[in-house]
Amino acid sequence: MTTAIGLVVNPAAGRDIRRLTGGASVSNNYAKRRTAGCVLAGLTLVDDAEVLVMPDNTGLAGRIVDDAPDGVGTEFVDMTVTASGQDSRTAAAHFAEHADAVVVLGGDGTTRDVAQTVDDVPVVSISTGTNNVVPTPVDGTVAGAAAALVGSGAVPAAEATTRHGTIEVDVVRSEETTVIRGLATVGVLDRPFVGTRAILDPSDIVGGVVSRSSPAEIGLSGIAGGLVTHRPDDPGGVGFRLAREGDDGGDGTDAAGAADATTGPATTVRAITVPGRLSAVDVAEHRVLDDGEDYVFEVDRGVISVDGEREHEVRNGTVRLRPVSDGPRLVDVEAVLERAADDGRFRLG
C-alpha cells in the first residue's frame, strides 16, 4: 500500500529583513533543497512512498523532484501558483484528502498556513524561517523517517502527535468584522502601517495572546514565557499587555476585559524579542486564558502581527483574541523514532 506524504517547501521563508538588522540565520533555497532531499531519503524507510509536492514559481520544487531517490515516487499538486501563503493553504487542502502525513519546510507563518486547511493529517514542521516558535531545526532525514513511520501507520498517529493550540481574532470595525487566525502568537502593535512586516522593535508591542509561552522561545511567546510557562498542547493560552507611557490608552491602544489579570506595578522581564537581542520588557498585566476566553484591545490605530509578522492594519476597531485548542496535529519526531526502535522497526535480522 502506498504511503502518500505531502511536501511544502516555502521558497520565501528565512529571507526577511531580520537578517540585516539582527542575528537571524539565513536559509537560502539551496539549503532548503538539500534539506528536502534529506526528507525524501528518510521516506525510504518504508516501502512504496509517494511524495505530493507543492509547486512554486522559483524552480525549487522541480529541483527537489529531479533529485528524488530511487523508490520514492513524486507528483506535483495540480494548483495555481500565486507566490503567496495561499499556495501553502491550497496544497494543504489537497493533502487533507490525499496525504497520510505532511512535511513542511518554512517558518511559523508557513506552518500556520498549512494548519488552516490540512485538517487532521499529521504534520512534521522543519524550521527554515525566522524567529521560529513552532517549527524545529530537525535533520531532514530524521523528519522524513518520522513522517514515513506515522504516515504508513507503523507508529499510530494518536500516540505520536500533539494538538497545537491556535488563536482566533475578530477585528470589529463599525459593522464589519474581519476574522484572523494565528498559530503561536498574535500581537497588537502601536504602528500606523505594516511596513517591513517583521517585528523589529519591542517598544512597538502593546500586547497580545499566545497559544504557548516559554523563556526559550523568541518574540511574544518569549515575553509571556518570562512570566508563565504554557505548553503548546495545554488548553487555553496567555494574554498580556505591556506597560506603556501613561498606560491610559493615550498611545491609541488600550486593553479591555482584563478581569482576574495579574495587575499592579509593572513586572520587568528579560526576553529574546528578536534573534540577537535580549530586551528588558515591562509587562503591566498578564493572565492565563481558558480555551475560548477573550482578551480584548480597543485600537485607534495599530497593526495586528500574526506569528511574528505584521499583517493587518487596524483603525478605530475592537480586537478580540482568544486561544482555541483546535490546531494542527504536530508529530513528535523523537517519540516516533523511539517507538519504532522499541518495536524493532530498525532491525534487519
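The values are calculated or read from the model by the stated rules, or taken from the named source; none is laboratory data. These figures come from a predicted structure and were not determined experimentally. Don't worry about glycine lacking a Cβ; one is built from the backbone with ideal geometry, like all the others, and counts go over all protein chains shown. With ligands, DNA and RNA removed, areas are computed over all heavy atoms of the protein, side chains included. Shrake-Rupley method; radii C 1.70, N 1.55, O 1.52, S 1.80 Å.
Starting from the coordinates of the alpha-carbon atoms of region 134-221, obtain the Kirkwood hydrodynamic radius over all distinct pairs and give the value in Å to one decimal.
After inverting the mean inverse Cα-Cα distance, the result is 16.4 Å.
The angle between the Cα long axis of helix 333-342 and the main principal axis of the chain comes to about 40°, on a 0 to 90 degree scale.
Compared with the dominant principal axis of the Cα atoms in the chain, helix 29-43 is inclined by about 50°. For region 289-302, 3J(HN,Hα) computed residue by residue from phi via the Karplus equation (6.51, -1.76, 1.60; θ = phi - 60°) reads 9, 6, 4, x, 7, 6, 10, 10, 10, 9, 10, 7, 7, x Hz, glycine and proline entered as x.
In summary, the convex hull built on the alpha carbon positions of region 28-154 has an orientation-averaged projected area of 6.9 nm². Going toward the positive end of the dipole of region 107-204, with +1 on Lys and Arg Cβ and -1 on Asp and Glu Cβ, which of 140, 158, 179 do you reach last? Most positive-ward Cα: 140. Computed from backbone phi with θ = phi - 60° and the Karplus coefficients 6.51, -1.76 and 1.60, the 3J(HN,Hα) list for region 103-113 is 10, 10, 10, x, x, 4, x, 5, 4, 4, 4 Hz; x is used for glycine and proline. Site pair residue 96 and residue 136 shows an inter-label distance of 2.6 nm when each label is modelled 7 Å from Cα along Cα→Cβ. Here is how the number arises for the chain: DSSP H runs of 4 or more residues each give -39500 (n - 2.57), the sum is divided by the residue count, and the result at 222 nm is -7000 deg cm²/dmol. Taking all protein chains together and a 1.4 Å probe, the residues 164, 312 rank 312, 164 from largest to smallest accessible area. Can you tell me which of 36, 216, 99 moves the most in a GNM of the chain? Springs connect C-alpha atoms under 10 Å apart. Top of the fluctuation ranking is 216.
Sorting 79, 54, 1 by accessible area puts them as 1, 79, 54; the probe is 1.4 Å, largest comes first, and only protein heavy atoms count.
Rolling a 1.4 Å probe over the protein chains gives residue 3 an accessible area of about 10 Å². With the chain treated as a Gaussian network of Cα nodes joined by springs under 10 Å, which of 177, 128, 110 yields the largest mean-square fluctuation? Looking only at 177, 128, 110, the largest GNM fluctuation is found for 177.
Computed with a 1.4 Å probe over protein heavy atoms only, the accessible area of residue 231 comes to about 130 Å².
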